[in-house]
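**Student:** Pasting in a structure now, in structure tokens, and then I'll have a few things to ask.
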Amino acid sequence: MENFIVSARKYRPATFETVVGQQHITGTLKNAIKNNQLAQAFLFCGPRGVGKTTCARILAKTINCTNPTAEMEACGQCDNCLSFQNGHSFNVHELDAASNNSVDDIRSLIEQVRIPPQAGKYKIYIIDEVHMLSQSAFNAFLKTLEEPPSYAIFILATTEKHKILPTILSRCQIFDFNRIQVEDIATHLSTIAQRENIAFESDGLHIIAQKADGGLRDALSMFDQIASYANKNITYKAVIDNLNILDYDYFFKLTSYLTAAEVSQTLLLFDEILNNGFDGNNFINGLATHFRNLLVGKDASTIKLLEVSENIKQKYLDQCRQTELSFLLTALNLANTCDLNYKNSKNQRLQVELALIKMCHIRSVVNLAQQPLSPNNTATDVDQDKKKTNVVAGQAETPTPKTEIETTVPAAAPVVKSAVLPHIPTEEKPKENLRVGPPPSATSISINIPKTNAVSSLIPSLNDLERIAQGDDDDGPKKVTGDAREAFSYDRLLEVWNVFTQKMKATDRINLFTILNNFAPTLLNPELIEISVESKTQEHLVQQESVELLNFLRNELRNFGVEVTYKLMERKIENRLYGNREKYDYLVAKNPKLDELRRRFNLDVNP
């Protein structure tokens, strides 16, 4: 039975030309060899499986080749090349720093450096995983690395450059290896499959390349595994089954359900995904990636960011034409929020299902926000829309008192009553006039609705659904808003101030209560209140609570021009008597004859 050699070893690059995805490294090294400008030390750093050790070996073989090609590649036929390929070259030494990381190992290496090469021009020392060396080993290696013999070249390789001492880094030429592109890995896998007479589908190879995360060695390992699993027939289905990856078709089908607002089909499909053994967090991350791919497919200039095969790319382009930009942005926001809250949720499945239900109703919320106010929108129609919104938020229908609203709209549109107001961001500060008096059966409010883009206000409206479901928008007393600026007296200010301080005391916020209760506020002008504090720490604490304090004062005083400022009071500390001399001086200041008595009897004051 023939011994099997894994593809990562069998097809390991032997020349610079065959290195995959690192042309910026190989081109520089070939030019350095051609111009005879080789440094005494190189540092190859980058993620796993991108070709660091491979390039080190190719460099070691090439610089000792006696008959290099015009492209500065090793000939592979001279004695030095053959001895290197057979593994018994005396000019190339490899050291694994993970298991040889002590000072003694480095001292042994330094002793070997003193011996010149028997054949060839250079002696090359390849130290892999160099970041594993101990602190003492690094220090012992410094002098030799800085001034090695002319025939010695050190090639260091590491995946964690940040763990290497700066003094080592300053003595090396540093080469950063990039993650290999998905397309380059897929092309390399297809070449190997053709050499091995393995049937394949390009979609399956792209999935392997994506799963490898830029590492060619990982991709080749998965390639061998799936080739054995599928009996040398690598199909898309075999890849997703073996690597436990969610099929693209799930996300395409789910997106069609979400845009059609088919809640039941969406939840059933999610249940099927869970029954297949997939994790809810991986699912929501995959769905967010799917929305991201649809988003970048909207613009011709960003289509190149789709790292998928041509067949899958065409599916993305077809679906992105049928999906609105507002839907994708809002769905991405909901998926990201679900991902952030997933690990802290006690009911993780419900967390994902709630996000999916919200996604199903994105279009209905957009249509509601874009619906113009017209005479045809009667109270009955708006009430129906409000019921739909309550269903989206999960809020049961409850009878609510009728509120009469007079909405100011452009001259071309008539005034509509009993309409549901759209969500207005707080920073726009809509003007509201609240009538003060006994609560009538209906409250009349006049509001100027700004012309806002429905898409821009879409995400806040969806986020407010949860707030509505929790009952935050009850029919309780409304705060005074708008531009009210009623005059108030200092006595009224003190009354409101005492109410707020007692509120802080009742809620166990003793620090804030103590600061506000120490000094009475000062009214500098009709709308500017000065707060006295004894230190910067107290001022910082009050500033943190200034929003709540200002809201309370403005609402109670019915004046939205109220502002606060701070004054740092100097604390008066009396001199304390710490020793006998201080006590004596204090008594003498009160009775000077005491000092005359001390001198007459020749007395001393104990220190």
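**Student:** Between residue 606 and residue 292, what is the label-point separation in nm under the 7 Å Cα-to-beta-carbon projection?
**Tutor:** 7.8 nm
**Student:** Short version: what are the Cα gyration tensor semi-axes of the range 1-151, square root of 5 times each eigenvalue, largest first, in whole Å?
**Tutor:** Listed largest to smallest, the semi-axes of the range 1-151 are 25, 20, 17 Å.
**Student:** Which Cα, out of 68, 85, 138, lies furthest along the positive dipole direction of the range 60-141 (beta carbon charges, K/R +1, D/E -1)?
**Tutor:** Farthest towards the positive end: 68.
**Student:** Return the loop-located GluC sites (Glu not before Pro) in the range 64-105 (DSSP other than H, G, I, E, B) with at most 13 other Cβ atoms within 10 Å of their own Cβ; answer none if there are none.
**Tutor:** For GluC sites (Glu not before Pro) across the range 64-105 that sit outside H, G, I, E and B with at most 13 neighbouring Cβ atoms in 10 Å, the list reads 71.
**Student:** State which entries of 10/232; 121/143; 34/123 exceed 20 angstrom in Cα-Cα distance in the structure shown.
**Tutor:** 121/143
**Student:** Place a point 7 Å from Cα of residue 139 in the direction of its Cβ. Which residues in the range 81-101 have their backbone N less than 11 Å from it?
**Tutor:** Flagged as within label range: none.
**Student:** Under 5 Å between amide hydrogens, which residues at least 5 positions from residue 127 or on another chain qualify, with H placed 1.01 Å from N in the peptide plane?
**Tutor:** Amide H to amide H, under 5 Å and 5 or more residues apart or across chains, residue 127 pairs with 95, 155, 156, 157.
**Student:** Find how many whole Å separate the alpha carbon centroid of the range 512-549 from the alpha carbon centroid of the range 300-332.
**Tutor:** Value for the Cα centre distance between the two parts: 54 Å.
**Student:** Ranked highest first by average number of other Cβ atoms within 10 Å, how do 183-189, 324-330, 204-210 line up? Mind showing how you got there, number by number?
**Tutor:** Working: 183-189: 20.7, 324-330: 18.4, 204-210: 25.0.
The packing order, highest mean first, is 204-210, 183-189, 324-330.
**Student:** Quick one: net charge around residue 606, please, counting Lys, Arg +1 and Asp, Glu -1 for every other residue with C-beta under 13 Å from its C-beta. Display every interim value, and only then the final one.
**Tutor:** Details: positive: 581, 583, 598; negative: 582, 604.
With Lys, Arg at +1 and Asp, Glu at -1, the net is +1.
**Student:** Going through the range 501-573, which trypsin sites (Lys or Arg not before Pro) have at most 12 other Cβ atoms within 10 Å and a DSSP loop state?
**Tutor:** 571, 572
**Student:** Taking the alpha-carbon set of the range 248-360, what are its Rg and Dmax in Å?
**Tutor:** That works out to 13.7, 42 Å for Rg and Dmax.
**Student:** Taking N as the number of residues in the range 490-568, what value does Rg over Cα atoms divided by 2.2 N^0.38 Å take? All intermediate terms of the calculation are to be shown ahead of the outcome.
**Tutor:** Working: Rg = 11.6 Å, N = 79, 2.2 N^0.38 = 11.6 Å.
Cα Rg divided by the expected 2.2 N^0.38 Å: 1.00.
Just so you know, all these numbers are worked out from the coordinates, no wet-lab data involved. Everything numeric here is computed off the predicted structure, so don't read it as measured data. Note: ideal-geometry Cβ built from the backbone for every residue, glycine included; neighbour counts use all protein chains shown.
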